[in-house]
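Working notes, beginning with the structure itself.
The values are calculated or read from the model by the stated rules, or taken from the named source; none is laboratory data. Please read all numbers here as calculations on a predicted model, not as lab measurements. Cβ coordinates were reconstructed from backbone atoms using ideal geometry, including for glycine residues, and neighbour counts include every protein chain displayed.
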Amino acid sequence: MTTKQFFRYSAPLCFASLAFGSAPLAAADQSRPPASVAEAPTVRAFLARAEAELDKATEAANRAEWVQATNITPDTEWLSSTNRAALANLSLRLSREAVASVKMV
């Protein structure tokens with residue numbers, strides 16, 4: 001499995017588990033109203049946007065890593081590490097958005 005395939009298939013599951021994984025806890029908390037069905041399109045839109053952003057960032061990082069692996073210079077090492085850091089920051093930002101949306105429900 002390539003890195004792109006890993007992120008393509010695991011990222012939506014990760015975000016879905018963040019979004020829906022706390023549903024039993026929310027049900028146990030009587031102070032919060034139950035989540036409405038109207039929120040499902042919002043979750044789908046978020047997952048579609050997150051997957052598109054992750055696909056784009058993963059492809060850029062993989063290309064930069066390939067360039068670095070085939071042409072080892074300080075510049076290509078910088079390019080590869082910068083793209084990997086951008087991918088990590090994007091993953092963190094999307095994870096925080098998913099957690100924040102769960103807390104709002």
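Spot the failing condition for Arg96; the list is (1) of a type in the set (D, E, K, R); (2) in contact with a helix residue (DSSP H, G or I) (Cβ under 9 Å, 6 or more places away or on another chain); (3) without any contact (Cβ under 8 Å) to a residue 12 or more places away in the chain, and only one is missed.
Failing condition for Arg96: (2).
Residue by residue through the stretch 51-105, note down the ones that are closer than 26 Å to Glu39 by Cβ and of a type in the set (Asp, Glu).
Glu51, Glu53, Asp55, Glu97
Consider the stretch 78-93. How many of its residues are free of Cβ contacts under 8 Å to residues at least 24 places away in the same chain and within 14 Å of the chain's Cα centre (by Cα)?
Kept after step one, since they are free of Cβ contacts under 8 Å to residues at least 24 places away in the same chain, are these residues of the stretch 78-93: 78-82, 84-85, 88-89, 92-93.
Adding the requirement that they be within 14 Å of the chain's Cα centre (by Cα) leaves 84-85, 88-89, 92-93.
Residues meeting the conditions: 6.
Say we look at the stretch 20-76 and pick out the residues that are among the aromatic types (Phe, Trp, Tyr) and over 16 Å from Leu87 (Cα atoms); which of these is modelled with the highest pLDDT?
Out of the qualifying residues, it is Phe46.
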